[in-house]
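Undergrad: Before we start, here is the structure in question, set down as structure tokens.
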Amino acid sequence: MTRRKYVVGNWKMNGLIAALDEAKAIFAAAEAHSSVDVALCPPFTLIGAMVAAAPGAAVGGQDCHASASGAFTGSVAAPMLADAGASLVIVGHSERREGFDESDADVRAKAEAALAAGLSVILCVGEPRAVRESGGAIAYVLAQVAGSLPGDFDPARLAIAYEPIWAIGTGLVPTVADVADMHGAIRAKLGEQAGSDAARVMRILYGGSVNGENAAELLGAGDVDGALVGGASLTAAKFAPIVEAAASL
């Protein structure tokens, strides 16, 4: 089957109300490429405002708590994201796994909570540089997939994002062959764990220093269904070429 390309911007801890003009410009540019699904994940504080500024656009959160409510000061629950107008959420980003010591079990619980709240999920996996250099990258990432994947889910609402940690924000990019090998291994693992039908439906995104210059080559690699973009998603000038590259494939 043909999977629609999916390009998602992760604004991380960037963006004030003034940045909504860029978001509107990004979504306006995306309208010219209807074959590509485009979403932005701004900080929690901007979700409602971005939904209002770009009606009908896909807006998501960058994280959620595994509980639907409770005494968790400073946390945001998946039903709160949905209530604010979000349609998706990122879970398991390396900056959460490493900086906040989130385990595979934590990520799985968050993914299950998000799906239960009606959100789609982008579940992130990826290896540190030492693991890549030791030759253990594929085994490391497949263990993350196995430990983080929900037990029961709609494959159309769950995407995997492979982000080699050493490539995030560094300008370093794995070879296209390495990306294709990892994505192929992830899809095979999804087939083992969720079934072949689910594996054919699920989209696997690449993330890590994606930009307008390398997007076409990376997104053209085997089993790459889109991109999870960090810094280059903050402006239409940098993000639109990535969407255009996805549409060209």
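The values are calculated or read from the model by the stated rules, or taken from the named source; none is laboratory data. Please read all numbers here as calculations on a predicted model, not as lab measurements. Glycine also receives a Cβ, built like all others from the backbone with ideal geometry; neighbour counts cover every protein chain displayed.
Undergrad: Mind listing just one residue for me: the one in the stretch 70-106 that is of a type in the set (S, T, Y) and in contact with a strand residue (DSSP E or B) (Cβ under 9 Å, 6 or more places away or on another chain) and, of those, nearest to A156 (Cα to Cα)?
TA: Filtering first and then ranking leaves S87.
Undergrad: Right, next: Going by the structure shown, is V145 part of a strand (DSSP E or B) and touching a residue at least 24 places away in the same chain (Cβ under 8 Å)?
TA: It is false that V145 is part of a strand (DSSP E or B) and touching a residue at least 24 places away in the same chain (Cβ under 8 Å).
Undergrad: Given the criteria assigned to a loop (DSSP other than H, G, I, E, B), surrounded by 15 or more Cβ atoms within 10 Å (Cβ to Cβ) and not aromatic (F, W, Y), does G9 qualify?
TA: So G9 does not fit the description; no.
Undergrad: So which residues in the stretch 12-34 are among the polar types (S, T, N, Q) and surrounded by 12 or more Cβ atoms within 10 Å (Cβ to Cβ), if there are any at all?
TA: N14
Undergrad: Taking the stretch 1-21 as the region of interest, how many residues are touching a residue at least 12 places away in the same chain (Cβ under 8 Å) and either under 26 Å from I160 (Cα atoms) or in contact with a strand residue (DSSP E or B) (Cβ under 8 Å, 6 or more places away or on another chain) (or both)?
TA: Going through the stretch 1-21 one residue at a time, the tally reaches 14.
Undergrad: While we're looking at this one, here's another question. Looking at S196, S209, S248, can you tell me which residue is at pLDDT below 95 and polar (S, T, N, Q)?
TA: S209
Undergrad: Please go through the stretch 33-45 and give me each residue that is assigned to a loop (DSSP other than H, G, I, E, B) and either under 17 Å from G85 (Cα atoms) or in contact (Cβ under 8 Å) with a residue 40 or more places away in the chain (or both), ordered by number.
TA: Across the stretch 33-45, the qualifying residues are H33, S35, P42, P43.
Undergrad: Within the stretch 199-219, restricting attention to residues that are among the hydrophobic types (A, V, I, L, M, F, W, C) and within 12 Å of the chain's Cα centre (by Cα), which residue is farthest from A247 (Cα to Cα)?
TA: So, considering only residues that are among the hydrophobic types (A, V, I, L, M, F, W, C) and within 12 Å of the chain's Cα centre (by Cα), the one farthest from A247 (Cα to Cα) is I204.
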